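Heads up: the structure comes next, in structure tokens.
Values quoted throughout were computed directly from the atomic coordinates according to the rules given, and no laboratory measurement underlies them. Model, not experiment: these values are computed from the prediction. Cβ placement follows ideal geometry from the backbone for every residue including glycine, while neighbour counts extend to all protein chains displayed.
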Amino acid sequence: MNPRRTLLSIFVQSVKNIFRSYFSAFPKALFISALLLLISGCVTKKQTWQDWMTARESAATNGEPPMILATPVLSTNGPALVLAPEYKIGDGARAGPGFDLAMRNPDFPQTHIEAVFIDLSKPAAGVRIKWTGTNADWPAGPWRETPGRGGEEIDCDDLEGSNTVNSRCTPKGAFPVVGFADHLKLTPQCLYATWVLYAPRFIAIHSHTELPRIPASSGCIRMPYETAKLIHNNSLVGVTIINIYGTWQRPPSFVNFRFKPHRSVY
């Protein structure tokens, strides 16, 4: 028997065992998500709360006064509040295997996100957050977003139209957070989801590997990974308010052609 061939076969078998152990420990969806993030270049340096604090210390100030954001008022005639399974009013997010809450404010839940503001008029810098609590003033944004592209005959700039089921619009209005998910089951690249609406619409804030500066989703609000995780880690069910407003602009017709209807609504 050739000693070199024997050593090579042992090495190959060892590598196979390592990969087999990895895949048994982590869901396939998580591996695909990580691979998509790597390929897309969306891997972020910020993974923890301390990373945000470090970025704050090194950031240059531009002298602009901070924006004063008024807490949005919930509509009394909005949709019925449907909570995601296993969540109740006052809960923060829970994280499963392969996910974490490392971006959580150290003073959570006493310090938490009071409101998330999503201005559809400013896809390049339309997301801001308002904190409440003793350790609550930063990070606040702005960050980019990608809202829903809308159906061909739906005006997503209209309040009623944007809140229509199967409209592919991002709904306008003020909504309490109704739950969380590590990732969306049908679209595993959508990580750290914060539910804006659960059944029957299933609208969430989440990260995504594609963030065009024109409406492109099926209704959800896509955000950079670090922004989606920050909101997910620091919001409270029924307490944090998602305020979606501004002027929605219909994307060019070729975008609707490219993003064909999919059984997923994300």
Legend entry - Proximal aspartates and glutamates to Lys46, defined as alpha-carbon separation beneath 12 angstrom and excluding residues fewer than eight positions away on the same chain: Glu226
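With the Cα gyration tensor of the range 147-260 in hand, give its eigenvalues times 5 under a square root as the equivalent ellipsoid semi-axes, listed largest first in whole angstrom. The partial results should precede the final answer.
Numbers: eigenvalues 95, 54, 28 Å².
Values for the range 147-260, descending: 22, 16, 12 Å.
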Legend entry - At 0.890 mPa s and 25 °C, Stokes diffusion of the range 116-165 via Kirkwood alpha-carbon radius, µm² per second: 193 µm²/s
Legend entry - Alpha-carbon centroids, the range 160-197 and the range 114-142: separation in whole Å: 18 Å
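Report the net charge of residues surrounding Asp137, where surrounding means a beta-carbon distance below 13 angstrom and charges are Lys +1, Arg +1, Asp -1, Glu -1.
Working: positive: Arg56, Arg128, Lys130; negative: Asp107, Glu114.
Once positives and negatives cancel, what remains is +1.
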